[in-house]
1. Just checking, which of S44, S55, S15, S26 is at pLDDT below 85 and not basic (K, R)?
2. Kindly indicate whether Q48 is under 19 Å from the mean Cα position of the chain (by Cα) and farther than 22 Å from L128 by Cα.
3. Collect the residues in region 86-122 that are within 14 Å of L31 (Cβ to Cβ) and outside any loop (DSSP other than H, G, I, E, B), keeping them in residue-number order.
4. Restricting to region 158-167, what's the tally of residues that are surrounded by 12 or more Cβ atoms within 10 Å (Cβ to Cβ) and either of a type outside the set (A, V, I, L, M, F, W, C) or not in a helix (DSSP H, G or I) (or both)?
5. Scan L83, L128 and give me the residue that is assigned to a helix (DSSP H, G or I), of a type outside the set (D, E) and in the same structural domain as S18 (by TED's automatic domain parsing).
6. Does region 168-208 hold any residues that are outside any helix (DSSP H, G or I) and exposed (fewer than 11 other Cβ atoms within 10 Å of the Cβ), and which are they?
7. For the list (1) closer than 24 Å to T21 by Cα; (2) crowded, with 18+ Cβ neighbours inside 10 Å; (3) of a type outside the set (D, E, K, R), I need the number of the one condition that L87 fails.
Amino acid sequence: MHSNNLPSLTYDFNSSESFLTRIPASAKIMLVLAFALCIALLSSVSAQLFLLGYSFMLIFLAKIQLRALIKRVLSLDGFLIFLWLTLPFSGPHGVELALSITIRTHAAVFAFMALLGTTSIGELLYGLRALAIPQKLVLLLHFTYRYARVFVEEAEKIYTSMTLRMFHPSLSLGTLRSYGNLIGMLLVRSILRSERVAHAMELRGFDGSFHFLESPASPKEGDNFRLGVLYILLAGCFIL
């Protein structure tokens, strides 16, 4: 199956090529895991600010368009606003805790955008297999990603048909019964669709694995050195 048939996972770039796009997906996955570990373990403000600066550097290297970055930050800050409205009044360390959560959250989102946003879903699955992740788990992730949008579209079709039949949601048993019917119909249609997809795949010789047509990333001269520098800089946060 060609990975280009899947919904896009990547963001728009300001240039035709970014350094991070040439790094193998397995290396970026390991860097993401290491960054997440640092975010979870380090509690000092200096270390958290270092990680935030590190994530800004990754965004710069990824050359993600400012519009995509602002859109993601605004959706994130919409949640953090409610955090700042409540957490500072919860105790003597409320402001400090809210600031720590804000820094950690922004650092994690920026780093994940830079590293995973420069990786197509095909490369990501290829990288997981390179890290010896079980094939069944990789297939599960693939189908979840591929059919999540189809699942939502099917639910929207059912809900549209309900509204055309004069359905108006309210706090009543009839509304709960209607939503129960929606969930039941969605489950039935999902099972039937999965059976059709399984039969179609078997007829095409599906052997339990996907062979993506796109080749893994090919680093250029100096890319491995740059990757090593990224790992060394990340390890430096434990010194702070």
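1. Numbers: S44 fails: at pLDDT below 85; S55 fails: at pLDDT below 85; S26 fails: at pLDDT below 85.
Step by step, each of S44, S55, S15, S26 is checked, and only S15 is at pLDDT below 85 and not basic (K, R).
2. On the way: under 19 Å from the mean Cα position of the chain (by Cα): no; farther than 22 Å from L128 by Cα: yes.
In short, no.
3. Here is the first cut: in region 86-122, the residues within 14 Å of L31 (Cβ to Cβ) are 107-108, 110-119.
Of everything in region 86-122, those that are within 14 Å of L31 (Cβ to Cβ) and outside any loop (DSSP other than H, G, I, E, B) turn out to be A107, A108, F110, A111, F112, M113, A114, L115, L116.
4. Of all residues in region 158-167, those surrounded by 12 or more Cβ atoms within 10 Å (Cβ to Cβ) come to 158-159, 161-162, 167.
Checking which are either of a type outside the set (A, V, I, L, M, F, W, C) or not in a helix (DSSP H, G or I) (or both) leaves us with 159, 161, 167.
The number of residues fulfilling the criteria is 3.
5. That would be L83, the only listed residue that is assigned to a helix (DSSP H, G or I), of a type outside the set (D, E) and in the same structural domain as S18 (by TED's automatic domain parsing).
6. Of region 168-208, the ones outside any helix (DSSP H, G or I) are 168-172, 204-208.
H168, S170, L171, S172, R204, G205, D207, G208, listed by residue number.
7. (1)
One line per residue, one yes/no per condition, for (1) out of contact with any Phe, Trp or Tyr (no Cβ under 6 Å at 6 or more places or on another chain); (2) outside the structural domain of S55 (by TED's automatic domain parsing); (3) free of Cβ contacts under 8 Å to residues at least 12 places away in the same chain:
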site	(1), (2), (3)
P92	yes, no, yes
V109	yes, no, no
A114	yes, no, no
I158	yes, yes, no
T163	yes, yes, yes
S170	yes, yes, yes
R196	yes, yes, yes
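The values are calculated or read from the model by the stated rules, or taken from the named source; none is laboratory data. From a predicted model like this one, the values you see are computed outputs, not experimental measurements. Note that we place each Cβ from the backbone using ideal geometry, even for glycine, and neighbour counts take in every protein chain shown.
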